[in-house]
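Before any comments, here is the structure.
The values are calculated or read from the model by the stated rules, or taken from the named source; none is laboratory data. Being a predicted model, the structure only gives us computed values, none of them experimental. Positions of Cβ are backbone-derived with ideal geometry, glycine not excepted, and every protein chain shown enters the neighbour counts. Each accessible area value is taken on the protein alone, full model and side chains, heavy atoms only, with ligands, DNA and RNA left out. Shrake-Rupley method; radii C 1.70, N 1.55, O 1.52, S 1.80 Å.
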Number of protein chains: 2
Amino acid sequence: MFSRIAIVGAGTIGTFYGARLALAGADVHFYVRSGLAEMRARGIVLRDAGGVQTLPPARTAVYGSTVEIGPVDVAIITLKTTANDLLATLLPPLLGPQTLILTLQNGLGSDELLARLFGAERVVGGLAFIAAVREAPGEIRIYTAGYVTMGEFGRPVSERVRRLVALFRRAGVQCEAVDDLAEARWRKLVWNIPFNGLTIAAGGVTTDRILATPRWEQEARALINEVIAAAARFGHVIPADFIEQQFEHTRRMGAYQPSSLIDHLAGREVEVEAIWGEPLRRAQAAGAALPHLEELYTTLKRLTATRANMSTNS
Amino acid sequence: MFSRIAIVGAGTIGTFYGARLALAGADVHFYVRSGLAEMRARGIVLRDAGGVQTLPPARTAVYGSTVEIGPVDVAIITLKTTANDLLATLLPPLLGPQTLILTLQNGLGSDELLARLFGAERVVGGLAFIAAVREAPGEIRIYTAGYVTMGEFGRPVSERVRRLVALFRRAGVQCEAVDDLAEARWRKLVWNIPFNGLTIAAGGVTTDRILATPRWEQEARALINEVIAAAARFGHVIPADFIEQQFEHTRRMGAYQPSSLIDHLAGREVEVEAIWGEPLRRAQAAGAALPHLEELYTTLKRLTATRANMSTNS
């Protein structure tokens, strides 16, 4: 059914899920912006605490252009949102009449952009909860395999989402369907907005330092309260005990660097608009006051401004 | 105060915490059972998602005998419990009149053994919540830095425990003192007993497969209920919502291999007595019936029996 798959952007996330799908038998085609020669020569290597999984070069189909791939059954978007301006060019060659577009991108905005460009009926949104690092092109280190959730854009779970979930599960990825994609995105922001942001704003510290410093811990709570209140304006009721769950979960992680901090410290672009800017604008448009988020957004724009026009490895 | 420190057993845990303490300025001496030449030549390298920390060879004091180390302020025991028969020989050369013994070992039994051998007044117990792997002697990959808790053996938190906590915190380790060490150990067993055990018993699967398979998920719940009921017999009240927290936490981890499973798959000894045998015996002696734990313990003894007399890298 979903036999022919394109991965649009073979960074950490795209390389990982694409390789797992290919290892499970899917016909996966990787569009990459950098590292094409290395991936063709060496294939894909996934390393975790349990060992190594290898997709050999002969089974690693890598392309520098989506025209070479042609129409697929599912296009999985794993570009960083900072490269979303490329989607209007990259996607049309991949689209046949029935092609689904699954975006696994962070924050808010990609679902709507893809719906506007290619039709809402094509779009499925997903959230990837995973801690992994691309150590070299095609070489992924998985710290926490985590899980994926996915749902229809603006509609309840459908048969095709259930089939996508089954596809990921066959590939050994823990995966669940969600009825309310928008709510799932806001729930993820409850963690990403404070912890991805404050670890950068506090000068490049790990999450445990945010928890251990009363000033930053209080700031995290204030941000979480603002995000939960904002989500409520869109009808997403996030229960109060969700806050303490976030802190307990974060405490267990110890000295953790969120992905945005890793990007920032490595000199790569940070997804400031998708994670902070777009949620702020939507919440303000709905009448919410978010002074803490507004200040954090301004700080992050300033701290990440010098590389705003640098090209990146997605 | 705690300037001179011995690490007894520089496997994953000992190498990691010892290196972090040394990098923070402590005078750390590593007793190792294997890999001495490699550690002397290359020092210690800690790798995590954020990058690399190196303790150079000149600052990596490694010994093949504790006699060469001599008395220290704190002896940190990070041997696997399967090597606990060595403690009576290894520790005396490290002990001066004021030497503290901090055991970071798994399961039940080490606190009592050390107290019996060297006096309860010396013993502080700790629990290390960390996901890390020793990739080579002196080379540690940290998947989740996690945290440490520690407390007095049979007494409430003391000034010296607070100083030990401060020592670990200065080394960048998230660390908390606990008033009831025994309760902390039972709480950790609520996760380790089902998930370290069932992933082996189910044939070497990851934790997500336990959650996804009704038979194993029910077995995990039955084991958790038994462990909580057993803990209650010793006065440790573990609230009911702790169970769902364990499942939620495990769900977030995705395809995770517990440390016992990693040991088992690598052909190393599994800490069957400390994690399953000793808790079972204590709970039965206190009048509890634990048919699920009893069966799991029997299964694990059988599955790990062939290597019971192999020597191991601690």
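Worth pointing out:
- Boolean, B:Val45 is assigned to a strand (DSSP E or B), hydrophobic (A, V, I, L, M, F, W, C) and open to solvent by 10 Å² or more (accessible area, probe 1.4 Å): yes
- Test result for B:Arg141, outside any helix (DSSP H, G or I) and not assigned by TED's automatic domain parsing to the domain that holds B:Glu273: yes
- Each residue in region A:81-92 was checked for being open to solvent by 40 Å² or more (accessible area, probe 1.4 Å) and within 24 Å of A:Arg163 (Cα to Cα), and 1 of them qualify.
- Scope region B:84-136; condition closer than 30 Å to A:Arg141 by Cβ and among the aliphatic types (A, V, I, L, M); matching residues: B:Leu104, B:Leu127, B:Ala128, B:Ile130, B:Ala131, B:Ala132, B:Val133, B:Ala136
- Matching entry among A:Ala171, A:Ala166 (being assigned by TED's automatic domain parsing to the domain that holds A:Gly35 and in contact with a helix residue (DSSP H, G or I) (Cβ under 8 Å, 6 or more places away or on another chain)): A:Ala171
- Considering residues of region A:111-136 that are acidic (Asp, Glu) and open to solvent by 40 Å² or more (accessible area, probe 1.4 Å) only, the residue nearest to the other protein chains (Cβ to nearest Cβ): A:Glu135
- Remark: B:Gln257 falls outside the filter, which requires a residue to be more than 20 Å from B:Gly125 (Cβ to Cβ) and open to solvent by 60 Å² or more (accessible area, probe 1.4 Å).
- Region A:48-62: number of residues that are open to solvent by 40 Å² or more (accessible area, probe 1.4 Å) and part of a strand (DSSP E or B): 4
- Scanning region B:253-263 for residues that are out of contact with any Phe, Trp or Tyr (no Cβ under 7 Å at 6 or more places or on another chain) and more than 20 Å from B:Gly109 (Cβ to Cβ) yields a count of 6.
- Members of region A:144-163 that are in a loop (DSSP other than H, G, I, E, B) and either within 11 Å of chain B (Cβ to nearest Cβ) or of a type outside the set (Ser, Thr, Tyr) (or both): A:Phe153, A:Gly154, A:Arg155, A:Pro156, A:Val157
- Screening A:Ile210, A:Ile243 for residues that are modelled with pLDDT under 95 and more than 21 Å from the chain's Cα centre (by Cα) leaves exactly one candidate, A:Ile243.
- Selection count, region B:74-119, where residues are closer than 15 Å to B:Glu273 by Cβ and over 18 Å from the mean Cα position of the chain (by Cα): 0
- Test for A:Phe195: is it surrounded by 15 or more Cβ atoms within 10 Å (Cβ to Cβ) and at pLDDT 95 or above: yes
- Test for A:Phe16: is it buried (at least 24 other Cβ atoms within 10 Å of the Cβ), within 14 Å of chain B (Cβ to nearest Cβ) and not charged (D, E, K, R): yes
- Which numbered condition B:Thr60 fails, given (1) within 17 Å of the chain's Cα centre (by Cα); (2) at negative phi: (1)
Conditions tested, residue by residue: (1) modelled with pLDDT of 95 or more; (2) farther than 26 Å from A:Gly96 by Cβ; (3) assigned to a loop (DSSP other than H, G, I, E, B).
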{"position": "A:Ile5", "(1), (2), (3)": "yes, no, no"}
{"position": "A:Phe16", "(1), (2), (3)": "yes, no, no"}
{"position": "A:Val28", "(1), (2), (3)": "yes, no, no"}
{"position": "A:Ser34", "(1), (2), (3)": "no, yes, yes"}
{"position": "A:Ala41", "(1), (2), (3)": "yes, yes, no"}
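- Per the conditions (1) surrounded by fewer than 17 Cβ atoms within 10 Å (Cβ to Cβ); (2) assigned to a strand (DSSP E or B), the sole criterion not satisfied by A:Ser65 is (2).
- Qualifying helices (runs of 4 or more DSSP H) (wholly inside region B:164-262; at least 2 residues being within 14 Å of chain A (Cβ to nearest Cβ)): B:181-191, B:197-201, B:207-212, B:241-253
- Among the residues of region A:263-292, those identified as in a loop (DSSP other than H, G, I, E, B) and either more than 11 Å from chain B (Cβ to nearest Cβ) or surrounded by 22 or more Cβ atoms within 10 Å (Cβ to Cβ) (or both) are A:Gly267, A:Arg268, A:Glu269, A:Val270, A:Glu271, A:Ala286, A:Gly287, A:Ala288, A:Ala289, A:Leu290.
- So A:Val157, is it at pLDDT 95 or above, open to solvent by less than 50 Å² (accessible area, probe 1.4 Å) and either under 20 Å from the mean Cα position of the chain (by Cα) or over 26 Å from A:Arg252 (Cα atoms) (or both): no
- No other residue among A:Arg221, A:Arg215, A:Arg252 is under 25 Å from A:Ala182 (Cα atoms) and open to solvent by 20 Å² or more (accessible area, probe 1.4 Å) apart from A:Arg221.
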